[in-house]
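Coordinate-derived values only; no laboratory data. Only a predicted model underlies this, so the values are computations on that prediction, with no experimental measurement involved. Methodologically, a virtual Cβ is constructed for each residue, glycine included, from the backbone with ideal geometry; neighbour enumeration extends over all protein chains shown.
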Amino acid sequence: MPQDTPPSEKPTSPIRPTDDEARTLAQSLIAEADFAALATLSDEGHPVQSRVAFALDASGGPISLVSTLAQHAQAMASRPQVSLLVGEPGEKGDPLTHPRLTLNGTAEILPNGCPAHEEMATHYLRRHPKAKLYIGFADFHFVRFQIREAFLNGGFGKAYHLTPADLGLAP
């Protein structure tokens, strides 16, 4: 039967104090991301994951373009809590040594006629020009992600908790 670890021997937190190096790495992962793994919650409360195209709006906030026919769009419409993972493994080495950033927050699906639509379309199409083929379809809408917290894994032993301010985002 395992024994409790005495208080003097409890492991220290693996989360490092957030520093400028972590902030810079997290901001670059967001700026360079073309895609993200999106986790939503189904109506039954089960996690649902999808890969979505990822871009930044004029203020540097994360956005995507989704079809309301997609399961993840339907999930966000009823339960806006989301998590996004950005950062791709490199071509060589252990994929777990490459940095990745988890962004937790809420999703806001914007109507096509909203004032921000044209500006978002301009920024989005710079990153994803092939989306011009379907960006005007009635079932495609922009999603703005309001980030509440982030977790950076900069590789083995390099874990950080970040705020929207650390990412250069409005809270």
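Remarks
- Rounded to the nearest Hz, the phi-derived 3J(HN,Hα) couplings of segment 155-161 under the Karplus curve 6.51 cos²θ - 1.76 cosθ + 1.60 (θ = phi - 60°) are x, 4, x, 10, 10, 9, 9, where x marks glycine and proline.
- Formal net charge of residues neighbouring ALA22 (Cβ-Cβ distance under 11 Å; K, R +1; D, E -1): -1
- Cut-off under 5 Å, modelled amide H: who pairs with GLU149 long-range: ASN104
- Selected from ARG100, ARG51, ARG126 as most flexible by GNM, with the chain as the system and alpha-carbon contacts under 10 Å: ARG126
- Equivalent ellipsoid semi-axes, segment 27-124, via Cα gyration tensor eigenvalues times 5, rooted, Å: 24, 19, 10
- Shape analysis of the chain based on the Cα gyration tensor places the equivalent ellipsoid semi-axes at 33, 19, 15 Å, largest first.
- Segment 121-133 - phi-based ³J(HN,Hα) in whole Hz, Karplus 6.51/-1.76/1.60, Gly and Pro as x: 4, 4, 5, 5, 5, 4, 8, 10, x, 5, 5, 4, 5
- Pairwise centroid distance, computed over Cα atoms, of segment 130-171 with segment 81-97, Å: 14
- Put simply, the amide H of VAL82, placed in the peptide plane, has neighbours under 5 Å in GLY105, THR106, ALA107, leaving out anything fewer than 5 places away on its chain.
- Dimensions (Å) - segment 67-130, Cα atoms, principal axes, largest first: 46, 29, 20
- Residue-span extension gain [ARG51 to THR106] - 0.36 nm each, minus C-alpha spacing: 18.1 nm
- Most fluctuating residue given options ILE63, ILE109, ILE15, as computed from a GNM of the chain linking Cα atoms under 10 Å: ILE15
- 3J(HN,Hα) from dihedral phi, segment 95-104, Karplus parametrisation 6.51/-1.76/1.60, rounded to Hz, x for glycine, proline: x, 6, 8, 8, x, 8, 10, 9, 10, 10
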